[in-house]
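Quick notes on the structure that follows.
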Amino acid sequence: MSDEEISAFLAEQRVVVCATNGLRGWPHLMPLWYVIRDGELWAWTYAKSQKVRNLERDDRATLQVEDGAEYQELRGVMLETHVVIHRELGVVAGTGTEIFERYGGASVGEQALSAVRAQAAKRVALEFVPERVTSWDHRKLSGVY
């Protein structure tokens, strides 16, 4: 995929699978909702989650966003990233608000903003800084594999 196709693909998809390095050496995979800021994926999660503990030890994560049911439809993007963990309440609440707006489909009202603020105290924002991006789109193969 071109850079423009990758951007459009990430903007239309809704779930990223985040792989961090577990304490015992096994990959730890978890789905996340995300937003895109200046070409980077951002998410939020509970500060005490396993993925955050893993990232505190090793800031590397691999992300994968994929789509397609049949082989000839498969497409996706894989990002090798370093993760910045943001704990500042304003940054965390801002990320949560963006996620609520993206997945709720509308501006966040005062009641939802209160819920975001309440959750932000227990969460962190994750900024995924890409080191390497790989993509594929089997629809472009025209049946030739």
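The values are calculated or read from the model by the stated rules, or taken from the named source; none is laboratory data. This one's a predicted model, so the numbers in the text were calculated from it and none came from an experiment. For neighbour counting, all protein chains shown are included, and Cβ atoms are generated from backbone atoms with ideal geometry for every residue, glycine included. Each accessible area value is taken on the protein alone, full model and side chains, heavy atoms only, with ligands, DNA and RNA left out. Shrake-Rupley method; radii C 1.70, N 1.55, O 1.52, S 1.80 Å.
Quick check on my filter: what residues within the range 58-88 are acidic (Asp, Glu) and over 13 Å from the mean Cα position of the chain (by Cα)? Within the range 58-88, Asp58, Asp59, Asp67, Glu70, Glu73, Glu88 meet the criteria. Considering (1) open to solvent by 70 Å² or more (accessible area, probe 1.4 Å); (2) on the phi < 0 side of the Ramachandran plot, the lone condition that Asp38 does not fulfil carries the number (2). For the range 10-23, a residue qualifies if it is more than 13 Å from Val65 (Cα to Cα), open to solvent by 50 Å² or more (accessible area, probe 1.4 Å) and modelled with pLDDT of 95 or more, and exactly one does: Asn21. Considering only residues in the range 121-145 that are out of contact with any strand residue (DSSP E or B) (no Cβ under 8 Å at 6 or more places or on another chain) and not aromatic (Phe, Trp, Tyr), the one that is surrounded by the most Cβ atoms within 10 Å (Cβ to Cβ) turns out to be Leu141.
Once the range 72-120 is narrowed to residues that are out of contact with any helix residue (DSSP H, G or I) (no Cβ under 7 Å at 6 or more places or on another chain) and of a type in the set (D, E, K, R), the residue that is surrounded by the most Cβ atoms within 10 Å (Cβ to Cβ) is Glu98. Filtering the range 89-145 to residues that are over 20 Å from the mean Cα position of the chain (by Cα) and aromatic (Phe, Trp, Tyr) leaves only Tyr145.
Yes/no matrix, rows are residues, columns are (1) of a type in the set (S, T, N, Q); (2) over 25 Å from Gly25 (Cα atoms); (3) in contact with a Cys (Cβ under 6 Å, 6 or more places away or on another chain):
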{"position": "Tyr46", "(1), (2), (3)": "no, no, no"}
{"position": "Gln50", "(1), (2), (3)": "yes, no, no"}
{"position": "Arg57", "(1), (2), (3)": "no, no, no"}
{"position": "Gln72", "(1), (2), (3)": "yes, yes, no"}
{"position": "Met78", "(1), (2), (3)": "no, no, no"}
{"position": "Glu98", "(1), (2), (3)": "no, yes, no"}
{"position": "Gly109", "(1), (2), (3)": "no, yes, no"}
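Would you confirm, using the coordinates I've provided, whether Val108 is among the β-branched types (Val, Ile, Thr) and touching a residue at least 12 places away in the same chain (Cβ under 8 Å)? Answer is no for this residue.
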